[in-house]
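Beneath this line is the structure, given in structure tokens, with notes to follow.
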Ligand SMILES: Cc1cc2nc3c(=O)[nH]c(=O)nc-3n(C[C@H](O)[C@H](O)[C@H](O)COP(=O)(O)O)c2cc1C
């Protein structure tokens, strides 16, 4: 079976509280880079927009339909591109708040590209020490190369440094075989559950 059978549902999540945002620019650049090598349909969840719809909810049932719809998009994604600005040496509170509502088993084996932006290079390990364990908890396929970007990698809230563009390309190159095989596997399961005979593929 080919990965061209249906476009990949890619969901990008930006944990930034502001607009314009370097973090949002980063997830968009990464998603666009995926789109150059894979057929994807992408959807962006920007927490500066979604955040006010989450505020105050203590359980998922209390969330309004807009927020529930975004959670379902995350849970049904074939690929997640997640990024947060570093706030006080960690992800933003809203980023974690959003993922606290995500079903514990909905992201099992989902490929997740991890990314973050920060003012200081001293916080680059947020990807390894904070984002990777979170998606390890979800039993996701946290992709091998994450992307950390400094404020100085952007001009007017767009990626402008060549080094950052190269890091994005490297992350995509390393992610590609894993994302492709994950989609093939997922489609085989979906077709089997739909009663198709996939043994001849
Ligand atoms: C409340 C707050 C806390 C921050 N804490 C850190 C930090 O601990 N380490 C760091 O490297 N940058 C820190 N920054 C800088 C942001 O991570 C950085 O400017 C980021 O690119 C902002 O992303 P945005 O443009 O998407 O909002 C902080 C910024 C804010 C507003």
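Every number in this text was worked out from the coordinates using simple rules, so none of it is lab data. In this text, all values refer to a predicted model and were calculated from it rather than measured experimentally. As a convention, Cβ positions derive from the backbone with ideal geometry for all residues, glycine included, and neighbour counts pool all protein chains shown.
Sort 27-37, 132-142, 100-110 by packing, meaning the average of other beta carbons within 10 Å per residue, with the highest value first. Could the numbers behind the result be given before it?
Values: 27-37: 19.2, 132-142: 16.7, 100-110: 14.1.
Put in order of decreasing packing, that is 27-37, 132-142, 100-110.
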| said: Give me the one-decimal nm value for the distance between modelled label points at residue 73 and residue 109, 7 Å along each residue's Cα-to-Cβ direction. | reply: 2.5
| field | Crossing angle, helix 65-75 versus the chain [Cα axis fit, 0-90 degrees, rounded to tens] | value | 70
| said: Output needed: percent of Cα pairs per 5 Å distance bin for the range 50-133, bins running from 0 to the one holding the longest distance. | reply: 3, 14, 23, 22, 19, 14, 5, 1
| remark: Rounded to the nearest 500, the 222 nm mean residue ellipticity computed for the chain from DSSP H runs (n ≥ 4, each -39500 (n - 2.57)) alone is -13000 deg cm²/dmol
| field | Overall Cα dimensions of the chain - principal axes, largest extent first, Å | value | 53, 43, 27
| Packing-wise, with mean Cβ within 10 Å as the measure, how do 64-73, 114-123, 50-59 rank, highest first? | 114-123, 64-73, 50-59
| note | Mean Cβ-within-10 Å packing, highest first, puts peptides 169-178, 86-95, 9-18 in the order 9-18, 86-95, 169-178
